[in-house]
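Computed from the coordinates by the stated procedures, all read-outs in this text should not be read as laboratory data. Bear in mind that the values here come from a model prediction, so they are computed numbers and not experimental data. Heads up, the Cβs are rebuilt from the backbone with ideal geometry, glycines too, and the neighbour counts pull from every protein chain shown.
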């Protein structure tokens, strides 16, 4: 992987001085065009061995380009807010919006490489990290983001030479730390792990660009030229790359579906309802105060047709709890800051920390439900969303988050009854809008989308619970009981 | 202050049961109207003695209203991200956007009251906190926010009775902690401090509503009724209250101004420039790595006419530094999330933590410059902004932030020359837009706004530096030197 980057590449001062001015002007121009179009973000990772000039390259880009549109992230030790959430949360919160350049030193690669090198994780665990990373990068790419991954390489000999040179100069000696010398000793181990990781993550969407860095002029010019070409090319392309479209699974030819198999006549009488409501609300309250919950977090996702009773089911949960201990996030139209980010960003920002409980009233599943049916995103977008969502949830679960997902199902007739009833009620909440009637028109398409969603995103670790919701009492108790069961199991 | 709240107020069950349903419906309706209009946020503080039912009240409101539009903040111990910024940062980040209700238990009052009660701060320091709080609340109010401050009161006897009752019931005993019993012993001290603070912060914009809480029905109904009336009244009012408008200071009758007194012929030859550039860039780099800087933070504010050279002065600073150690925030049009918050919110979100340096390319001074001149806000808005800005900066400074503010001044002729030159250049950045020409038309009004701004916001602790910028070399060196001087002085 590093062969071509140990050839002793270099360029002379004349050529460098001659080429830099035009490169700078061109870089500035692509940068302003990027900002003006605000169609996609640029995510630049700068990795490599110590002494290869990662810092210099970043400083240089800030000098050559307009630093006002570059945001540099040197993510070292996580803060406590970061520590209580999945590892990727800190990168999500640092992602640049469309039109900006985000530079990451210390990217999502640093931690896995270091951990493997120090023997803290096994080959298999590293493999899992690599899977997560490639999925993440693919998602960013398909969302339009341009990921540029630079790896500044030095041979062992060149690294030693470089560190010695830095250490001898009083103006730069502060930059060479004890850790750097230790790393030099571990050059081979580091190099082996890095090479393995680079090879495995060298995808078509986001390939590694390896740059020999023993000659600073070669390094700088190569970096600048590559960056220029990559941004230029994307600016000139009309749209980001899309996964090849194979058609989605057709509906089963016997018309039997998950939803049509539900028994919507299930119901509960008033007396059993009140008895069970008290029972499960009490239980939920106790479970949430379980000492083990302090190291876990809980997410409840509510999806369902309009008027299926999501809001009232959620209230039966919140009633049981102290208002300090849960947070309800109603998902409506995205804000403009949210639109300038990949789809999942608006959900990542609400991920609960340890000991916290977040209830999503509608969720990331909007992508494969309303956005699919109303054609608010392309078929390719919602087709890839299943895997993106599964990856997202897997990360949460790996960080001790318990995810409980409900689909509240009602019949088309029951919905009509409820719409008419709402129109009679004084509360503003219950106004029936044009959207509601339109969604109703698309009933069959929604049905199909729901079945696909459940098939593709229900798993052992984050199963969907389909709730027969024609009878509100039955639905609320099923929701509460399921939540209690899942929590109990997780806290066991 | 608490006299009327120790009368033993109560209501009977019949009246309570009869009144609650209508109250709930009315509360829901104002809440939906609030969300729909999205004209202002509601900020509800719930304070009071232990055992008075602060938690119950918040839970009740979540039950009576739609919890999806309520965000509860129980701000206990600050996180490390919060700790390295001024105390109010955590409240700013938790402020509800327009249309939502934010409930604060543990508000900006908790810490000062506790600290004073425990004797950790003196009367005078408490007085300063109170000043900060009243300024903050006034600002929120004038920005349209509705602040409702509830204080749930119990007499000493009633508190003891209440805690004993809670402790005896196995279902509620967990809610009575050791701290509560300690607080009971300190009832008189607490009551004295609280009464003092409440009296001093009982402003016209945000008065305290003291509610006797020994009878839960009286407490609940009184709270609900008040909340309903307060939100209803604001919904029906056409606009938020505004400070009484006295006219701004007229220009001096001899036409002499701060700006007209600047000597714009000041310049620097190329040789001295390069010598001094190297000197001050080196010095700045060293100062930023000073061990003492780890407990401080730095903000540099750049304002100036279009084409005054802000960008190029900023680059002379960033060149001197490692890209990991500064962040440039260019201030343009606000996002919709920013528009849903008080004016200063968008700057608070970029406040640097300890050891960090943030450069604002244009800043909160836009309020008293472009927004004043272009009449993007009312006269009352920009008139009050001077004090709001001074209060903001005072909080930063009290938290060890060094603030350095530059106005880059050029003559009208010099600006025209630069506009023409820019039109010749290939870089997109230098496109001259209609805005630039329009601002130029308003030259005199800007002049006046700048002079007012400097007069009203330049202080010993956060002085303005007026930079004669017709000569770019002179301007850049003055900026660098001033920055170094201020840093050196602060790190001394």
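What to note about this one:
- Rounded to the nearest 10 degrees, the angle from helix A:379-398 to the longest Cα principal axis of chain A is 90 degrees.
- Sites residue B:432 and residue A:350 - FRET efficiency at Förster radius 35 Å, r taken between beta-carbons, to 0.05: 0.25
- The Rg/Rh ratio of the range B:357-440, with Rg taken over Cα atoms and Rh as the Kirkwood radius over Cα pairs, comes to 1.06.
- Hydrodynamic radius by Kirkwood, which averages 1/r over all alpha carbon pairs of the range A:1-118, in angstrom: 16.6 Å
- Protection proxy ranking of B:363-372, A:178-187, by the mean of other Cβ atoms within 10 Å over each peptide's residues and highest first, is B:363-372, A:178-187.
- The peptide list A:14-25, A:305-316, put in order of mean Cβ contacts within 10 Å with the highest first, becomes A:305-316, A:14-25.
- Fraction of alpha-carbon pairs over 17 Å apart in the range A:58-193 - percent: 70 percent
- Taking only the Cα atoms of the range A:164-236, the radius of gyration and Dmax are 16.3, 46 Å.
- Relative contact order (%) - criterion: Cα under 8 Å, at least six apart; region: chain A: 19 percent
- Each other copy places its own label point for residue A:294 at 2.9 nm from this one, sorted shortest first, where the point lies 7 Å along the Cα-to-beta carbon line.
- Scoring A:401-407, B:73-79, A:219-225 by mean Cβ neighbours within 10 Å over their residues and listing the highest first yields A:401-407, A:219-225, B:73-79.
- FRET efficiency, 1/(1 + (r/R0)^6) with R0 22 Å, evaluated for residue A:128 and residue A:185 via beta carbons: 0.20
- Once the chain from residue B:339 to residue B:111 is taken as fully extended at 0.36 nm per residue, the excess over their C-alpha distance is 79.1 nm.
- Contour excess over end-to-end distance, with Cα ends at residue B:253 and residue B:120 and 0.36 nm allotted per residue: 42.8 nm
- Largest to smallest principal axis extent of the C-alpha atoms in the range A:327-466, angstrom: 46, 33, 33
- Using only alpha carbons, the range B:3-236 has a radius of gyration to Kirkwood radius ratio (Rg to Rh) of 0.95.
- Ratio of Rg to Rh for chain B: 1.05 [Cα atoms; Kirkwood radius as inverse mean 1/r over pairs].
- Relative intensity of the range B:167-306 on a log10 scale, I(q)/I(0) at q = 0.09 Å⁻¹, equals -0.80, per a Debye sum over C-alpha point scatterers of equal strength in the absence of solvent.
- The protein assembly as shown - convex hull of alpha carbons, volume per residue in Å³: 198 Å³
- Neighbour-count ranking [beta-carbon atoms within 10 angstrom, fewest first] of B:381, A:80: A:80, B:381
- For chain A, the longest principal axis of the Cα atoms and the long axis of helix A:443-457 meet at an angle of about 60 degrees.
- Neighbouring Cβ atoms from other chains, within 10 Å of the Cβ of residues in A:326-332, number 4 on average.
- In degrees, nearest ten, helix A:472-491 long axis to first principal axis of chain A (Cα): 40 degrees
- R0 of 41 Å, Cβ-Cβ distance residue B:279-residue A:204: FRET efficiency to nearest 0.05: 0.25
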